[in-house]
Amino acid sequence: MSTGALESLVEMRGIETQYVDAWGKPAKVNDATKAKLLKVMGYDTESEEAMQEQIHERFAGAWMTPLEPVQVNRVNAAINIVVRLPIELVNDTHQFIVALEDGTEMRQQFTPVDCEMLDATTVDDVEFHAYSVALTLDIPLGYHQVSLAAQDDQPFAQMRLIQAPNRCFTPPDIAQGKKVWGLSVQLYCLRSEANWGIGDFSDLTYLIEKSAAQGADFIGLNPIHALYPSNPDACSPYGPSSRRWLNYLYIDPKQIDGFNHESVQSLISNSGFQQQLKHVRDIDYIDYEAVAKLKLSALSRIFDVFNQKYLTKNTRFNKAFKQFVVEGGDSLQCLATFDAMQEHLQAEGKPSWGWPVFPAQFADFDSPAVSKFKKQHAKRIKFYLFLQWQASIQFEQASQKASDLGMTIGLYRDLAVGVSEGSAEIWGNKSLYCTEASVGAPPDILGPNGQNWGLPPMDPEKLYAQAYQPIIDLFSSNMHASGALRIDHAMALLRLWWIQKGDDAKEGGYVYYPVDDLLGILALESQRHQSLVIGEDLGTVPDEIRGKLADNGIYSYRVFFFEQAEDGGFFSPSHYPEQSMSTLTTHDMPTLIGYWHCDDLSLGKSLGLYRDEQVLQTLYDSRHSNKQEILNTLHGHQSVDHHVGRDVNHTPMTQALNFGLQTHMAAGSSALLSLQLEDWLQMDKPVNIPGTFNEYPNWKRKLSRTLSSVFDDPEVQGLASRIDSARKRVSQSGREGE
């Protein structure tokens, strides 16, 4: 293998050859890993000749394309468009025809040879020149189409021009110094007397009402992306089928017109149905299979009633439904068809977990066989379209409730970093994804062995070729009816850790993405949706991305337990950057009680995550020291009183210590404070244990109490009042200090 040819391809495709690891040490990517990453991108690295040919093809293809597929420009910055033409055309008059998003057309003539020449080359005996042409038209924010035409007005090349703002949206109150707080919840965890064994959008509305009454300005949600109706135990919200659509299990069937129909009530009143309903409500862990069976059976009957009553006639509901389907486009059709396909194959006893095991004729969404399937199963596909419509309506209603109650942010959603291998999202756009690879993380503090998330990455070059439409759709759909969006693993905007399928996580390497373009699109969608953006910037984080995120108005993510000085002491939350969201714990960490009792370490040992006793003992020793430093911090800032001991050897986790930690955070300088409802309830078991699959019931643990009992609890009310008062004091002191 020629190192020179390999390195040329590596540089062309943005594969990072060296980086700084989570412990601040330099690390290098070996040639074998580079070759693997190129292979999963579709390159042949077996010989020098093959690599040189691919380099030439890429080089020639770029020069023979007059315009790039897309260009992202920031407002107030000069717009310079690169034009590549054969030499015989460079003296001719050309024009840009700019079709603005609102339908307006603008034109600008130019002669290439009069513009700045960038480069020249010869491809297949044809000489090409590249020029930088200044576009002097006044282009507004938005997505526009630029056509390159000769004097005959016939375009021979096109590109998308994205004019983006410089920063993401910040609500005016927060921009003026208001310090807000809210609760972060896993929606499925919510218990209520009325839900069907899983938290739903009605529970969310109730939570909004009760939290707003206590002074909360937002409710943060886990990713609520679409999962797999026919494979309900694939329940990780971070391994969805589609990130553009919603998990139908969050629908409250009782809220849909048709629920009270005799055919539906006869099913629900059946003793077997009621027995199962009691079972799924009473258990402490979600029985996804049982919940899905109950909801799908009831929703199917509701759909039959609704369809007959409204969707087969000229009604306002039918018009709204059809409009929803049209706006959803191919992505929505793909998901509904995928769900119907999976259900059909499962009923026939055929493998169905995802598109890789679909029969060959169904392997591609746009195949003739799938088109035929769509016609044969049109009503069932319509049912799955109906579920997405109803989920969207109920989510929007919950969001509207937050707005009506004056919440500064309202709902904030969480965007997962990818979709699972067998997902509908990949099925509908396979060319975009490198399905022989997965993303994850190199070894770091949270995952000493590295992490492999089983999520095929988008190919950044294909994303660029598709004019960034997939990422635009993702940002837009997840900001819809949301006051904020949390970007999980925000490093993905800059780089992702790619791992060849079958390799260990530590054998991967970083692949770069067009960060400035993606941040521009994020800022544009943020401003359009009036949605604040939070970037989860934990783990192995290069300094360059933190600065870029801040400059683009994205809020950092600060976790108390990770904010330590070199001497081991914990930074006061009053020293956190204002442009951040602070929190005590996350869904990947133990609860406060779990942390204090080292339950995560003992549980990790029992699950085989810590096989080296010496390493485990080091973690216990470190935890012991950290707990002492936490007590020092809390007492030093008078966040707890004498009821909480000063010596870690004699200080258990009590309600006073738990609540003291939360009020300590409330006095911090971060604009946003997020608290976990589990810690309000002093729960000990975690939501998720990274690095486990079947070893622990991840994403299934419910809250220990119903929502009504939580907010009727005087002690919880007292905690909320103290948190709210502390946030108001910080807001006021900040204004007085200006």
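The values are calculated or read from the model by the stated rules, or taken from the named source; none is laboratory data. Since this is a predicted model, take the numbers as computed values, not measurements. Cβ coordinates were reconstructed from backbone atoms using ideal geometry, including for glycine residues, and neighbour counts include every protein chain displayed.
Any residue that is assigned to a strand (DSSP E or B) and either crowded, with 19+ Cβ neighbours inside 10 Å or at positive phi (or both) - is there at least one of those in the range 50-59? No, the conditions are met nowhere in the range 50-59. Within the range 720-736, is even one residue assigned to a loop (DSSP other than H, G, I, E, B), in contact (Cβ under 8 Å) with a residue 12 or more places away in the chain and either β-branched (Val, Ile, Thr) or more than 19 Å from Ile593 (Cβ to Cβ) (or both)? No.
The condition of being in a helix (DSSP H, G or I) and closer than 17 Å to Arg243 by Cα holds for only one of Leu299, Leu332, Leu345, that being Leu332. Checked against the criterion of being in contact (Cβ under 8 Å) with a residue 40 or more places away in the chain, under 24 Å from Pro460 (Cβ atoms) and among the charged types (D, E, K, R), the candidates Lys28, Lys36 yield just one match: Lys36. Apart from one condition, Val357 fits all of (1) among the hydrophobic types (A, V, I, L, M, F, W, C); (2) surrounded by 16 or more Cβ atoms within 10 Å (Cβ to Cβ); (3) under 27 Å from Lys295 (Cβ atoms); the exception is (2).
Candidates in the range 349-389 are the residues that are assigned to a loop (DSSP other than H, G, I, E, B), out of contact with any Leu (no Cβ under 6 Å at 6 or more places or on another chain) and small (Gly, Ala, Ser); of these, the one that is nearest to Glu327 (Cα to Cα) is Ser367.
Any residue that is within 29 Å of Leu411 (Cα to Cα) and assigned by TED's automatic domain parsing to the domain that holds Arg243 - is there at least one of those in the range 337-344? Yes, the range 337-344 contains a residue that is within 29 Å of Leu411 (Cα to Cα) and assigned by TED's automatic domain parsing to the domain that holds Arg243.
I'd like the residue in the range 302-334 that is crowded, with 17+ Cβ neighbours inside 10 Å and of a type in the set (Gly, Ala, Ser) and, out of all such residues, is nearest to the chain's Cα centre (by Cα). It comes out as Ser331. Considering the conditions (1) loosely packed, with under 15 Cβ neighbours inside 10 Å; (2) farther than 25 Å from Asn552 by Cβ; (3) touching a strand residue (DSSP E or B) at 6+ places or on another chain (Cβ under 8 Å), Gly103 is excluded by exactly one of them, (3). Of the residues making up the range 413-433, none is of a type in the set (S, T, N, Q), in contact with an Asp or Glu (Cβ under 7 Å, 6 or more places away or on another chain) and part of a helix (DSSP H, G or I).
Gln154 - would you say it is not assigned by TED's automatic domain parsing to the domain that holds Phe96 and not hydroxyl-bearing (Ser, Thr, Tyr)? Spelling it out, it is not the case that Gln154 is not assigned by TED's automatic domain parsing to the domain that holds Phe96 and not hydroxyl-bearing (Ser, Thr, Tyr). Gln451 meets each of the listed conditions (1) at pLDDT 95 or above; (2) in contact with a Pro (Cβ under 8 Å, 6 or more places away or on another chain) apart from (1).
Let's see how each residue does on (1) closer than 30 Å to Gln255 by Cβ; (2) without any contact (Cβ under 8 Å) to a residue 60 or more places away in the chain; (3) hydrophobic (A, V, I, L, M, F, W, C):
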site	(1), (2), (3)
Val126	no, yes, yes
Ala130	no, no, yes
Ile162	no, no, yes
Ile174	no, no, yes
Trp181	yes, no, yes
Tyr188	yes, no, no
Ala194	yes, no, yes
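Taking the stated definitions as given, is Asn270 out of contact with any strand residue (DSSP E or B) (no Cβ under 9 Å at 6 or more places or on another chain), within 26 Å of Ala378 (Cα to Cα) and of a type in the set (S, T, N, Q)? The answer is no for Asn270. Restricting attention to the range 571-592, the residues being buried (at least 20 other Cβ atoms within 10 Å of the Cβ) and not in a loop (DSSP other than H, G, I, E, B) number 6.
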